Structure formats: C-alpha cells, structure tokens
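Structure first, then comments.
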Amino acid sequence: MSRRREILQQAHGLHERDQQALIDQQSEIYEERYATAINHVSLTYNFFRQKHAALIASLVPVRTTLLQTLSSIFPIEPLEPKDLLFTIVTVPLPVPFSSSEPAPPLSLPGQPSFNDETVAGALGLVAQVLQLVSAYMGYTLTYPVTCIGSRSLIKDPISAMMGPRKSVPILLHSGEALT
C-alpha cells in the first residue's frame, strides 16, 4: 500500500509539473503573440506615418497652386499705402482708425466709394477667401464662416455654448427701464 501511495504521489507530482509546464508554455505563447502583435502594430503605424508624410509633401505644390489662383481671383492691393488702406477685388477694405474703436468706420471722409454697401461687400469677399484658404490648408476655423455674399456670417460657437445671458435693464433718460 505504501508503494502505491508513493507511485500515486510521484504521479501527482509529475502531473503538477506537467500542468506548470503547460501554464509556462501558454504564457510564453501569449507573450510571443503579444510581442508579435506589438511589432505588427508598430510596423503598420510606421508605414502609415511614412505614407501620411509623403501625402502631405505631395499636397504642398497643389496647395501652392490653389492659393496662387485664389490670390489672382481675389487680389488684395494697397489703396492708400500711407494710410494702410487696402482693397480686395478693387473694393475698399475697412480698417479701424484706432485700436480703441470696436469696428471699422462705415464711411471715410473724401472717399465716396466707401459706404455701408462696399464695406459689407468687402467683408463678404474676405469671408469667402477665408473659408477657401482654410479648406485648402486643411484647417478648421475656430469661428466658422458662412458665406452669403455681403451678408456673410461668422458664428461664435463658444458664446452659444454659454447659453442666453441674463438681460440687464437699460435705463432711459425718462427713468423708464428697458429689458
């Protein structure tokens, strides 16, 4: 009986050793598969990174041509170099007279061609150029532009996310309040 127990203990020991060897072998296979997968991902990443760099490099001449064409379609030229006034497609561009002004003037003394309509038209052309340049260069504008000719819009999604502001009453000279 003791001989049987001894053989049974030896068999049990061999079984445990085989089980551990199997676990070790599975662990090695898992580590090899993991290393192979990491290597494959790394090679794939490097391949696509090189392909991306080549694609970006091939876009440079195309972008240059597009921007040169855009520059010839929408020329921006000086109107009054001493005053730093410019035109876009011969339409005068507005410029604030000082940094404290909130917006450019809607008319200029001595410039009858500079009025509300020309300012709106010039800013509409600038909006269109801005939208095209951002598309050609692959940039997303922080403030998206909607081109509608002289009524073009610049959207402010940051202020829109804040929600409507609480209305503040405005006091009139007569003492009445507007909300």
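Structure above, values below:
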read-out	value
Qualifying residue in region 77-90 (condition: assigned to a helix (DSSP H, G or I), under 30 Å from Leu123 (Cβ atoms) and of a type in the set (Asp, Glu))	yes
For Gln131: the one exception among (1) modelled with pLDDT under 90; (2) open to solvent by 70 Å² or more (accessible area, probe 1.4 Å)	(1)
Every pair of residues 6+ apart whose Cβ atoms lie under 6 Å, when the first sits in region 121-136 and is without any contact (Cβ under 8 Å) to a residue 60 or more places away in the chain while the second is hydroxyl-bearing (Ser, Thr, Tyr)	Gly121/Ser150; Gly124/Ser150; Gly124/Ser152; Ala127/Ser152
Number of the exception - Pro81 against (1) of a type outside the set (S, T, N, Q); (2) at pLDDT below 90; (3) under 27 Å from the mean Cα position of the chain (by Cα); (4) loosely packed, with under 10 Cβ neighbours inside 10 Å	(3)
Residue match in region 30-52 (condition: within 30 Å of Leu130 (Cβ to Cβ) and surrounded by 10 or more Cβ atoms within 10 Å (Cβ to Cβ))	yes
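The values are calculated or read from the model by the stated rules, or taken from the named source; none is laboratory data. None of the values given here were measured: they were computed from a predicted structure. No Cβ is skipped: glycine too gets one built from the backbone with ideal geometry, and neighbour counts run over all protein chains shown. We work out accessible area using only protein heavy atoms, side chains counted, and drop any ligands, DNA or RNA first. Shrake-Rupley method; radii C 1.70, N 1.55, O 1.52, S 1.80 Å.
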